[in-house]
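Working notes, structure below.
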Protein chains: 2
Amino acid sequence: MENFSSKLLQAAVEEFSQLPGIGKKTALRLVLHLLRQESGVVRRFSDAMLQLRENVVYCTSCHNISDRPLCDICSSPRRDASTICVVEDIRDVIAIENTGQYFGLYHVLGGIISPMDGIGPADLTIDALVQRVADNPGLDEVILALSTTMEGDTTNFYLYKRLKDFEIRISAIARGIAIGDELEYADEVTLGRSILHRTAYDKTRTG
Amino acid sequence: MENFSSKLLQAAVEEFSQLPGIGKKTALRLVLHLLRQESGVVRRFSDAMLQLRENVVYCTSCHNISDRPLCDICSSPRRDASTICVVEDIRDVIAIENTGQYFGLYHVLGGIISPMDGIGPADLTIDALVQRVADNPGLDEVILALSTTMEGDTTNFYLYKRLKDFEIRISAIARGIAIGDELEYADEVTLGRSILHRTAYDKTRTG
């Protein structure tokens, strides 16, 4: 038990140390940092989080975090509406957006199927995805971009079963050796798969 | 540049990533965690920090963070008022309190003398410390418990010069090999000092 000289300080440190990965010492460091800032800075900090929590909206189409009923990506005329990339949460949307390699739409599941954590298909936006596919005859492909874990694979398989009767392509992101990784340190499963799913050189292109 | 789908989300992530040691990815993780909590939890989190910043008081005697003009330690009749331990900031007070080995009072300097950072004696509570020593004839000892860095040593020396004419003992915390550390990995300066300032076994005590 820490010995704080101030109940207010203790309360603030306890709130911070509820955050994932933030221990008591880090929490105290963060709180003391904020305490040294101007009152307005702290007010802005507190306000930003509260505003987000009170006013956040989830896109009615892709379930991404949004400020409006239809998010910027779903409402953009420049996005390719014939492709939906299914991801676990909004961090994956940001990660894929940052690659600059994908121009389709998304579908945020809000988690993955995990019996251990009591998360079943009904807890995710899977029904909404199936409905979305059914409602969009112009759809060509659903890309499953979930974690390469047991839960990710389970969810992939479940989604495949739910979607396989539609006239669309269903694909999963490539698993393989990460760029810059050395072969000898790759795990056997990944290495095995990366040989099995090897990609052919396209001889019509150079480089 | 990250691609956030929500301005509110972006604002909250930016506020969190202003905190020391918190990058954009961690900030996003923390914000998404809070977003998943009940509205009341987020309100309590925001409020705790704001309350602290608006209502924090520094103890008029030791300059520790406090809820009242005289902090719990300074106003406790169980503390030994004949000893003052001088520390850099409130984290050091907490660290020393957690050892359970010290029962005197504190004096929080609010930093250490660091010409590189433009911090001189006038920026710290050194005058208040000197005044406090002058006003307390019952005082026996001032313990300097500052960092074992160049700046800490500079500050120790400056404090010694300011306090040496009072009828008190002035001491510094022991420097040496940390408990559990192996000698061969200790740096030479620490090892050298720990030999120079070796402590004699007290033969009247056993164990």
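Bear in mind these aren't lab numbers, they're just calculated from the coordinates by the rules spelled out. Note that the coordinates shown come from a computational prediction; the quantities given were computed from them, not determined experimentally. In this analysis, Cβ positions are derived from the backbone assuming ideal geometry, glycine residues included, and neighbour counts consider all displayed protein chains.
Could you please rank A:Cys74, A:Cys59, placing first whichever residue has the fewest other Cβ atoms within 10 Å of its Cβ? Don't skip to the answer; put the middle values down first.
Details: A:Cys74 21, A:Cys59 24.
Fewest to most other Cβ atoms nearby, the residues stand as A:Cys74, A:Cys59.
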TODO: Distances from A:Tyr102 to the same position in the other copies: list them in nm, one decimal, shortest first, using label points 7 Å from Cα along Cα→Cβ.
DONE: 5.3
Open item on the list: So if the hydrodynamic radius of the stretch A:7-55 is defined as the Kirkwood radius over C-alpha pairs, what does Stokes-Einstein give as its diffusion coefficient at 25 °C and 0.890 mPa s, in µm² per second?
Closed with: 215 µm²/s
Task: 10 Å-binned pair-distance histogram of the protein assembly as shown (Cα, whole percent) - done: 4, 16, 20, 18, 14, 13, 10, 4, 1, 0
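In percent, what relative contact order does the stretch B:73-155 have, based on Cα pairs under 8 Å that are 6 or more apart in sequence?
Across the stretch B:73-155, relative contact order equals 38 percent.
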- [ ] Find, among the residues of chain B, the one whose Cβ sits nearest the axis of the rotation taking B to A; state the distance in whole Å.
- [x] B:Ser46, 2
TODO: Please identify every one of the GluC sites (Glu not before Pro) in the stretch B:1-75 that sits in a loop by DSSP and has no more than 10 other beta carbons within 10 Å of its own beta carbon.
DONE: B:Glu38
Task: For B:Gly120, inter-copy label distances in nm, listed shortest first [label point 7 Å out on the Cα-Cβ vector] - done: 7.2
Open item on the list: If the elastic network links every pair of Cα atoms under 10 Å, which of B:Ser171, B:Ser76, B:Ser17 fluctuates the most in the Gaussian network model of chain B?
Closed with: B:Ser17
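Would you kindly calculate the mean projected area, averaged across all directions, of the convex hull enclosing the Cα atoms of the stretch B:75-173, in square nanometres? Don't skip to the end; give the middle numbers.
Values: hull surface 24.9 nm².
Averaged projected area of the stretch B:75-173's Cα convex hull equals 6.2 nm².
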Task: Between the stretch B:148-189 and the stretch B:81-96, the alpha-carbon center distance in angstrom - done: 14 Å
Task: Whole-number Å³ per residue for the convex hull built on Cα positions in chain B - done: 234 Å³
Task: Scattering profile of the stretch A:28-139 at q = 0.15 Å⁻¹ [log10 I(q)/I(0), Debye over alpha-carbon scatterers] - done: -0.79
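In units of 2.2 N^0.38 Å, what is the alpha-carbon radius of gyration of the stretch B:108-159?
Values: Rg = 11.6 Å, N = 52, 2.2 N^0.38 = 9.9 Å.
The reported ratio for this selection is 1.18.
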TODO: Let me know the whole percent of all Cα-Cα pairs from the stretch A:46-105 that are separated by more than 14 Å.
DONE: 60 percent
- [ ] Between the label point of A:Val41 and that of the same position in each other copy, find the distances and list them shortest first in nm, with every label point placed 7 Å from Cα along the Cα-to-C-beta direction.
- [x] 2.8
TODO: Per DSSP H run of n ≥ 4, the term is -39500 (n - 2.57); total these for chain B, divide by its residue number, and report the mean residue ellipticity at 222 nm rounded to 500 deg cm²/dmol.
DONE: -12500 deg cm²/dmol
